[in-house]
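K.L.:
This is the structure I have questions about; it appears just below.
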Ligand code: TXA
Ligand code: MG
């Protein structure tokens, strides 16, 4: 079944494939023309680097200049899985892949289809398979919405996590989380036995994490946090609530009852659904800091929602 996709990738073509987080736009990481095509297809700024997806610990050696002992602990514990690690890069890694940085991002996805593709083709760059600025795709239909019905998509239904991987920079101390995800700060610290920092865009300059500079994840509808005195009753808006169930609400109200994993799995699909229904707004109940400390997925959600709000 995967033969067709393997053949396309080996001949320098781009295909979309499922990972456990979101669908990726895959290309041979050693083929500059193929990598260039990924940037063009997405309309992605060339200084925003790509993640190299691998399926074997030996593949790390082809990209990472040094593998700190702490990195081995993280790889043993979290790979395959939704954790991207940033290493100092080897000189031969394509500049196109790393956006000219001296580091490279590596991830070993756990989805069996991604593993089989990578094992048969070799390492693949794979940004989320959306056009730049749009919500990441969690279903094959989302990819086709952005790239057309004839685009090659290895279909595997809805992705399991629905938000992109945690991105952790281990190329320098202190280690920094550039993008919060399903694997949270505490889980990482427990394995590392050292403290790590959650990088905030305004903490320092963004040149080390170019992805934090660009607008992201946004539907056409305006995304807003629900105000404390606001009733979720307008039928021109979609409401995403997680704690306070309204007695009466519009039929565009979705209540998650503290199930943040489901909220994460559905968020981008809801964004796209709001646009299909021509709704003006997506209004989301705030995810307070105290909740984010307990629930890594709530932190990841708050991060993506804030970016969707900030991108207008
Ligand atoms: O879950 C995921 O990570 C998905 C699936 C397909 O694997 N991929 C994904 O890729 O989200 P993308 O390209 O949409 O996001 C990659 C993020 C960007 O914010 C980029 O700036 C950052 O990782 N990144 C990549 N290489 C980096 C590097 N060397 N230094 C700092 N940030 C880097
Ligand atoms: Mg993306």
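The values are calculated or read from the model by the stated rules, or taken from the named source; none is laboratory data. No experiment lies behind these values; they were computed from the predicted model shown. No Cβ is skipped: glycine too gets one built from the backbone with ideal geometry, and neighbour counts run over all protein chains shown.
K.L.:
So, in the range 7-58, exactly how many residues are more than 19 Å from residue 84 (Cβ to Cβ), in contact with a helix residue (DSSP H, G or I) (Cβ under 8 Å, 6 or more places away or on another chain), within 16 Å of ligand 2 (Cβ to nearest atom) and modelled with pLDDT of 95 or more?
P.N.:
2
K.L.:
Residue 272 versus (1) under 30 Å from residue 101 (Cα atoms); (2) buried (at least 21 other Cβ atoms within 10 Å of the Cβ): which is the lone unmet condition?
P.N.:
(1)
K.L.:
Continuing with the same structure: Sort out which residues of the range 43-59 are touching a strand residue (DSSP E or B) at 6+ places or on another chain (Cβ under 6 Å) and either on the phi > 0 side of the Ramachandran plot or not in a loop (DSSP other than H, G, I, E, B) (or both), and write them in order of number.
P.N.:
Those that are touching a strand residue (DSSP E or B) at 6+ places or on another chain (Cβ under 6 Å) and either on the phi > 0 side of the Ramachandran plot or not in a loop (DSSP other than H, G, I, E, B) (or both): 51, 52, 53.
K.L.:
Next question, about the same structure. Closer than 21 Å to residue 217 by Cβ and surrounded by fewer than 16 Cβ atoms within 10 Å (Cβ to Cβ): does that describe residue 61?
P.N.:
No; evaluated as a whole, the condition is false for this residue.
K.L.:
Considering 114, 136, 132, which residue is modelled with pLDDT under 95, within 10 Å of ligand 1 (Cβ to nearest atom) and either touching a helix residue (DSSP H, G or I) at 6+ places or on another chain (Cβ under 9 Å) or not in a loop (DSSP other than H, G, I, E, B) (or both)?
P.N.:
Criteria check complete, one pass: 132.
K.L.:
All but one of (1) touching a strand residue (DSSP E or B) at 6+ places or on another chain (Cβ under 6 Å); (2) without any contact (Cβ under 8 Å) to a residue 60 or more places away in the chain; (3) crowded, with 18+ Cβ neighbours inside 10 Å hold for residue 23; which doesn't?
P.N.:
Unmet for residue 23, out of (1) touching a strand residue (DSSP E or B) at 6+ places or on another chain (Cβ under 6 Å); (2) without any contact (Cβ under 8 Å) to a residue 60 or more places away in the chain; (3) crowded, with 18+ Cβ neighbours inside 10 Å: (2).
K.L.:
Still on this structure, please answer the following. Considering each residue of the range 60-73, count those that are within 15 Å of ligand 1 (Cβ to nearest atom) and outside any loop (DSSP other than H, G, I, E, B), and give that number.
P.N.:
Adding up the residues that qualify gives 3.
K.L.:
Moving on. Out of everything in the range 77-101 that is surrounded by fewer than 17 Cβ atoms within 10 Å (Cβ to Cβ) and in a helix (DSSP H, G or I), what residue ends up being farthest from ligand 1 (Cβ to nearest atom)?
P.N.:
Here the residue is 77.
K.L.:
Counting just the residues of the range 139-166 that are crowded, with 20+ Cβ neighbours inside 10 Å and in a loop (DSSP other than H, G, I, E, B), which one comes out nearest to ligand 2 (Cβ to nearest atom)?
P.N.:
164
K.L.:
Something else: Give the range 167-176 a look and list any residue that's part of a loop (DSSP other than H, G, I, E, B), touching a residue at least 12 places away in the same chain (Cβ under 8 Å) and under 19 Å from residue 51 (Cβ atoms), or say none.
P.N.:
Correct list: 170, 171, 175.
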